[in-house]
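Undergrad: Attaching a single structure in structure tokens format; questions to follow.
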There are 2 protein chains.
Amino acid sequence: MNPGDRVRVERAAAAAEGADDAPTYEGILLPSTTATEVVVKLDGGYNVGIDREGSDVDVLEEGVFEVGESESDDASTVEFDDDLPTVALISTGGTIASTVDYRTGAVTAQFDAEDVLRAVPDLAGRANYRGRVVANILSENMTPDVWQDLARAVRAEVEAGADGVVVMHGTDTMQYTASALSFMLDTPVPVVFTGSQRSADRPSSDNVMNAVCAVEAAKSDCVEVMVCMHATESDDRCALHRGTRVRKNHTSRRDAFETVGAEPLGTVDYSGIDDESVAVSFRRPHVERDERVLALRDDLETDVELLKFVPGMDPQFLDVLEGKAGVVLEGTGLGHVHTDFVERIEELVEDGTTVVMTSQCIEGRVCDRVYDTGRDLLDAGVVEGEDTLPETALVKLMWVLANEDDPETAMGRPLAGELTERSVPWT
Amino acid sequence: MNPGDRVRVERAAAAAEGADDAPTYEGILLPSTTATEVVVKLDGGYNVGIDREGSDVDVLEEGVFEVGESESDDASTVEFDDDLPTVALISTGGTIASTVDYRTGAVTAQFDAEDVLRAVPDLAGRANYRGRVVANILSENMTPDVWQDLARAVRAEVEAGADGVVVMHGTDTMQYTASALSFMLDTPVPVVFTGSQRSADRPSSDNVMNAVCAVEAAKSDCVEVMVCMHATESDDRCALHRGTRVRKNHTSRRDAFETVGAEPLGTVDYSGIDDESVAVSFRRPHVERDERVLALRDDLETDVELLKFVPGMDPQFLDVLEGKAGVVLEGTGLGHVHTDFVERIEELVEDGTTVVMTSQCIEGRVCDRVYDTGRDLLDAGVVEGEDTLPETALVKLMWVLANEDDPETAMGRPLAGELTERSVPWT
């Protein structure tokens, strides 16, 4: 048997033990198969690893897919359609990528239109596709250097002529990565993150609808970094969230992603998805095509931490912050910490650390001018993050410290829709 | 002039500088007045500190209030009404307490019915009142030992015959304290936390309505630890939240408090507040009067920390956790951290630390059996916090480690409504 073969794997050991329901798996053998494990891409698109020991593998059909160096010049069988826009799909890993990126277990740098359409046939006829793999990691393992690789990959795809970019990303840290690209990139085309809360082998999977809606959003006129995920628990529409205002607010629901403190930028109506003219609609002001020239500022100061304050907290956590370039505090209420912490925070500021206050309330604006503790924090040199989300403030501070001459002032100004300026003074 | 006098303070210095609107303040002089500052309780109930320099103070009426040892046996002029229940008001500080606790600047251990009715006349005729001061601190300065003092004070009031207890508390950490009392107390009467998001001198203050609704809830049949705060931005009703499921989800809105993952226990209709029979209503099952006997288990293991995981995080934070009795992790998604952290977490568990996983998504249930990282964490001995809020899990772990023989099992069981058991297995 060889990678690319269609196989059936039977857990003979389990059958021998008398189990009536000994599991069998049918799908395409993947190159990541090892001496101890076979990895099979199920027809639903999900990968499973199965112990070789105690398993019988039958090859049903050889060489269903050609596996190897994807840099080979095998011409794609999918013809380029001059009348359609070109959408670049960039994979970073995660549940949705396991559907589209057939070679997920292998080391490849590209996939092509044929791979895309094989995985999600519903994408056919909507765009010409280009594919690129930036990483193949679970999103909890995402790091700032991958954000940078991804931003450069988006730039490369735009320079190569993509009319829109879809980034496939695990949902756990999607909001952090979307924030990072929002600050690093001035993009003249839509950059749309999408993912999947349920894997493709489950009947409730959201991956096809999310992928289709993301491609439609990538063809739209809104040239922002957005997140496209289910707007409701039904398969009726996706919401388009600004990358710096979105938050994963539920562990498992398909509509886990929400825009915090505002309405989403727009929606993609999936029921009307065949009528391209009405599928994507925007309710809020946004930057449009031709209003922006491609630019990338991808420096990041990664010596930045986020610390959530809770009652009874060990002050030793502050020791870890000594000498850091930046710190985002997630305080209580309007932006408070225990009074005993204020002096230590003042010392951090005096030592050159930029300290930004956000709130664990998630919604609403930090305001440290109302109560004593807040005023003491301002006197100590703490910068208010206004209504920036704590997670976004962390990413913004990494970017601002590497790209702005006056980081303190920059943290109080909107750079990528992450902050709304106070309309009336607090009275 | 003496504390207790009614005074008018004029900022003459400002007037001399030609300011047309030189501020004047009228109210009761407080004992916390110092050599450099006079502190006045304004008629709205809010305290202001004013520089003595450049201020003219006129005494309008001497000795309006008697200030001093409140332990004095001055008989209250408010008569006890046998037909009304008795509600104990316990003050811990915060915006709402500054209204009711007239002697906020002084060191007193009690206040009486007269003080209560002077501050919030709308409370008259609803109950007989007893008053007790447990602390006078901003709630960001709240610590586990004050939670214990408060729990003991509630027990004392119940033993002294209170038919219900209202706890006045700053809003910043109210949810942590309400959780603590939920675990520590078996209460045969309602214990109702309330607070104020806007101080009493602002026209939009929520303190009167919240205090009235809290007293009505304290007279109700629901003997749980609850939080009573505005249910909407209007003055129409308060929501009654279970103490272990409530979260301050907005920095400044009057309806900042929400029950997460469920409907509130009930509501207090403020528009119909005069009709006692309809004012308080409950929608969800709860423990009723006579179903429970008073008990207090107030031990806490305070060597417990909460740590929020974010991408790019310095692993040095894990050093602080070494040797701790307990750790609550706020992971991503279904309950994940970077793979590189798993081994360190396993070492913590092996050293005897109880490690509990919760999710920064806030809503939804942790489930570490779906993805590799989660399974690795379970193998490492991490306990799933199910759908317990991270902040509540922190408090629960402090309590469980001091009171339960098998903390790991206890963290997966509901003890005070903080956790709903999985109805169907994850598939």
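Undergrad: Take A:A178 and tell me if it is in a loop (DSSP other than H, G, I, E, B), under 28 Å from B:C361 (Cβ atoms) and not polar (S, T, N, Q). Steps first, answer last, please.
TA: Working: in a loop (DSSP other than H, G, I, E, B): no; under 28 Å from B:C361 (Cβ atoms): yes; not polar (S, T, N, Q): yes.
When the stated conditions are applied, A:A178 does not pass them.
Undergrad: How many residues does region B:148-159 contain that are over 20 Å from B:M229 (Cα atoms) and either within 14 Å of another protein chain (Cβ to nearest Cβ) or among the charged types (D, E, K, R) (or both)?
TA: 6
Undergrad: Just to be sure I understand, how many residues within region B:403-412 are under 29 Å from B:N249 (Cα atoms) and either basic (K, R) or not in a helix (DSSP H, G or I) (or both)?
TA: Qualifying residue count, region B:403-412: 1.
Undergrad: Give just the number: which of (1) within 17 Å of A:M184 (Cα to Cα); (2) within 14 Å of chain B (Cβ to nearest Cβ); (3) in a loop (DSSP other than H, G, I, E, B) does A:L415 not satisfy?
TA: It is condition (2) that A:L415 fails.
Undergrad: Take the residues in region B:201-234 that are within 14 Å of another protein chain (Cβ to nearest Cβ) and modelled with pLDDT under 95; name whichever of them is nearest to B:A88 (Cα to Cα).
TA: It comes out as B:S205.
Undergrad: Looking for whichever is touching a strand residue (DSSP E or B) at 6+ places or on another chain (Cβ under 7 Å), among the small types (G, A, S) and not assigned by TED's automatic domain parsing to the domain that holds A:T173 here; the options are A:G352, A:G374. Which one fits?
TA: Numbers: A:G352 fails: touching a strand residue (DSSP E or B) at 6+ places or on another chain (Cβ under 7 Å).
Residue meeting the stated conditions: A:G374.
Undergrad: For region B:350-403, which residues satisfy the criterion of being of a type in the set (F, W, Y) and under 21 Å from B:S179 (Cβ atoms)? Spell out how you get there, then give the answer.
TA: The first filter runs over region B:350-403 and keeps only residues of a type in the set (F, W, Y), leaving B:371, B:399.
Within region B:350-403, just B:W399 meets the criteria.
Undergrad: Right, another one. Go through (1) surrounded by fewer than 16 Cβ atoms within 10 Å (Cβ to Cβ); (2) closer than 30 Å to B:Q148 by Cα; (3) of a type in the set (A, V, I, L, M) one by one and return the number of the condition A:A295 breaks.
TA: That leaves (2) as the condition not met.
Undergrad: Tally up the residues in region A:299-313 that are more than 23 Å from A:G333 (Cβ to Cβ) and either surrounded by 20 or more Cβ atoms within 10 Å (Cβ to Cβ) or facing chain B (nearest Cβ under 8 Å) (or both), please.
TA: So in region A:299-313, the residues more than 23 Å from A:G333 (Cβ to Cβ) come out as A:299-304.
Still in the running and either surrounded by 20 or more Cβ atoms within 10 Å (Cβ to Cβ) or facing chain B (nearest Cβ under 8 Å) (or both): A:300, A:302, A:304.
Counting residues in region A:299-313 that are more than 23 Å from A:G333 (Cβ to Cβ) and either surrounded by 20 or more Cβ atoms within 10 Å (Cβ to Cβ) or facing chain B (nearest Cβ under 8 Å) (or both) gives 3.
Undergrad: Just to verify a result, which residue in region A:160-192, among those that are among the acidic types (D, E) and farther than 20 Å from A:L123 by Cβ, is nearest to the other protein chains (Cβ to nearest Cβ)?
TA: Our first condition is that a residue be among the acidic types (D, E); within region A:160-192, this holds for A:163, A:172, A:186.
Retained after the next criterion (residues that are farther than 20 Å from A:L123 by Cβ): A:172, A:186.
Details: A:D172: 4, A:D186: 23 Å.
Residue satisfying both the conditions and the ranking: A:D172.
Undergrad: Name the residue, out of A:V146, A:V166, that is at pLDDT 95 or above and surrounded by fewer than 24 Cβ atoms within 10 Å (Cβ to Cβ). Step through it out loud before you land on a result.
TA: Numbers: A:V166 fails: surrounded by fewer than 24 Cβ atoms within 10 Å (Cβ to Cβ).
Matching residue, one of A:V146, A:V166: A:V146.
Undergrad: Identify, please: which residue in region A:192-219 is in contact (Cβ under 8 Å) with a residue 60 or more places away in the chain, in contact with a strand residue (DSSP E or B) (Cβ under 6 Å, 6 or more places away or on another chain) and among the β-branched types (V, I, T) and is, among those, surrounded by the fewest Cβ atoms within 10 Å (Cβ to Cβ)?
TA: Among residues in region A:192-219 that are in contact (Cβ under 8 Å) with a residue 60 or more places away in the chain, in contact with a strand residue (DSSP E or B) (Cβ under 6 Å, 6 or more places away or on another chain) and among the β-branched types (V, I, T), the one surrounded by the fewest Cβ atoms within 10 Å (Cβ to Cβ) is A:V215.
Undergrad: (1) touching a residue at least 60 places away in the same chain (Cβ under 8 Å); (2) part of a strand (DSSP E or B); (3) in contact with a Ser or Thr (Cβ under 7 Å, 6 or more places away or on another chain): which one isn't true of B:D387, the others all being true?
TA: Failing condition for B:D387: (2).
Undergrad: Here is a further query. List the number of the failed condition for A:I137; all other conditions in (1) part of a strand (DSSP E or B); (2) surrounded by fewer than 24 Cβ atoms within 10 Å (Cβ to Cβ) hold.
TA: Evaluating A:I137 over (1) part of a strand (DSSP E or B); (2) surrounded by fewer than 24 Cβ atoms within 10 Å (Cβ to Cβ) leaves (1) as the failure.
Undergrad: Of the conditions (1) in a helix (DSSP H, G or I); (2) crowded, with 19+ Cβ neighbours inside 10 Å; (3) within 13 Å of chain A (Cβ to nearest Cβ), B:V400 satisfies every one except a single condition; which number is it?
TA: (3)
Undergrad: Separate question: Check A:M174, A:M226, A:M142 and return the single one that is in contact with a strand residue (DSSP E or B) (Cβ under 6 Å, 6 or more places away or on another chain) and closer than 24 Å to B:H338 by Cα.
TA: Numbers: A:M226 fails: closer than 24 Å to B:H338 by Cα; A:M142 fails: in contact with a strand residue (DSSP E or B) (Cβ under 6 Å, 6 or more places away or on another chain).
Selected residue: A:M174, the only one of A:M174, A:M226, A:M142 that is in contact with a strand residue (DSSP E or B) (Cβ under 6 Å, 6 or more places away or on another chain) and closer than 24 Å to B:H338 by Cα.
Undergrad: Report whether or not B:L394 is in a helix (DSSP H, G or I), buried (at least 22 other Cβ atoms within 10 Å of the Cβ) and facing chain A (nearest Cβ under 9 Å).
TA: Numbers: in a helix (DSSP H, G or I): yes; buried (at least 22 other Cβ atoms within 10 Å of the Cβ): yes; facing chain A (nearest Cβ under 9 Å): yes.
Yes; evaluated as a whole, the condition is true for this residue.
Undergrad: Also, I was wondering about something else. Give the number of residues within region A:338-362 that are of a type in the set (A, V, I, L, M, F, W, C) and more than 24 Å from A:N249 (Cβ to Cβ). Write out each step before concluding.
TA: Residues of region A:338-362 that are of a type in the set (A, V, I, L, M, F, W, C), as a first pass: A:341-342, A:345, A:348-349, A:355-357, A:361-362.
Among the residues that remain, those that are also more than 24 Å from A:N249 (Cβ to Cβ) are: A:341-342, A:345, A:348-349, A:355.
Residues in region A:338-362 being of a type in the set (A, V, I, L, M, F, W, C) and more than 24 Å from A:N249 (Cβ to Cβ): 6 in total.
Per-residue answers, yes or no, for (1) closer than 29 Å to B:T332 by Cα; (2) in contact with a helix residue (DSSP H, G or I) (Cβ under 8 Å, 6 or more places away or on another chain):
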{"position": "A:G381", "(1), (2)": "no, yes"}
{"position": "A:G385", "(1), (2)": "yes, yes"}
{"position": "A:L394", "(1), (2)": "yes, yes"}
{"position": "A:M398", "(1), (2)": "yes, yes"}
{"position": "A:D406", "(1), (2)": "no, no"}
{"position": "A:L415", "(1), (2)": "yes, yes"}
{"position": "A:E418", "(1), (2)": "yes, yes"}
{"position": "A:R422", "(1), (2)": "no, no"}
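Undergrad: Filter region B:169-200 down to the residues that are under 22 Å from A:R369 (Cβ atoms) and of a type in the set (A, V, I, L, M), then identify the one that is modelled with the lowest pLDDT.
TA: Just the residues of region B:169-200 that are under 22 Å from A:R369 (Cβ atoms), to begin with: B:170-174, B:195-200.
If we keep only those that are of a type in the set (A, V, I, L, M) as well, we get B:174, B:200.
Details: B:M174: 97, B:A200: 62.
This residue is B:A200.
Undergrad: Could you please find all residues in region A:314-340 being among the hydrophobic types (A, V, I, L, M, F, W, C) and within 7 Å of chain B (Cβ to nearest Cβ)? Break it down into steps so the answer makes sense when it comes.
TA: So in region A:314-340, the residues among the hydrophobic types (A, V, I, L, M, F, W, C) come out as A:317-318, A:320-321, A:325, A:327-329, A:334, A:337.
Within region A:314-340, A:F317, A:V320, A:L334, A:V337 qualify.
Undergrad: How many residues does region B:328-352 contain that are closer than 17 Å to A:E391 by Cβ and part of a strand (DSSP E or B)?
TA: Result for region B:328-352: 5.
Undergrad: Would you point out which residue out of B:V158, B:V189 is more than 14 Å from the chain's Cα centre (by Cα), aliphatic (A, V, I, L, M), surrounded by fewer than 24 Cβ atoms within 10 Å (Cβ to Cβ) and in the same structural domain as B:G131 (by TED's automatic domain parsing)? So that I can check it myself, show each step before the final result.
TA: On the way: B:V189 fails: surrounded by fewer than 24 Cβ atoms within 10 Å (Cβ to Cβ).
One residue alone meets the criteria, B:V158.
Undergrad: Next question. Looking only at residues that are touching a residue at least 60 places away in the same chain (Cβ under 8 Å) and part of a loop (DSSP other than H, G, I, E, B) in region B:220-248, which one is farthest from A:G364 (Cα to Cα)?
TA: Restricting to residues being touching a residue at least 60 places away in the same chain (Cβ under 8 Å) and part of a loop (DSSP other than H, G, I, E, B), the top hit is B:D221.
Undergrad: Quickly run through region B:361-377 and pick out the residues that are more than 9 Å from chain A (Cβ to nearest Cβ) and without any contact (Cβ under 8 Å) to a residue 40 or more places away in the chain.
TA: Selection gives B:D368, B:R375, B:D376.
Undergrad: Would you check if there is a residue in region B:273-294 being within 30 Å of A:C367 (Cα to Cα), in contact with a strand residue (DSSP E or B) (Cβ under 9 Å, 6 or more places away or on another chain) and assigned to a strand (DSSP E or B)? Please lay out each step first, then the result.
TA: Filtering region B:273-294 for residues within 30 Å of A:C367 (Cα to Cα) gives none.
Looking through region B:273-294, none of the residues is within 30 Å of A:C367 (Cα to Cα), in contact with a strand residue (DSSP E or B) (Cβ under 9 Å, 6 or more places away or on another chain) and assigned to a strand (DSSP E or B).
The values are calculated or read from the model by the stated rules, or taken from the named source; none is laboratory data. All of these numbers come straight from a predicted model, not from anything done at the bench. Every residue, glycine as well, gets a Cβ built from its backbone with ideal geometry; the counts of neighbours run over all protein chains shown.
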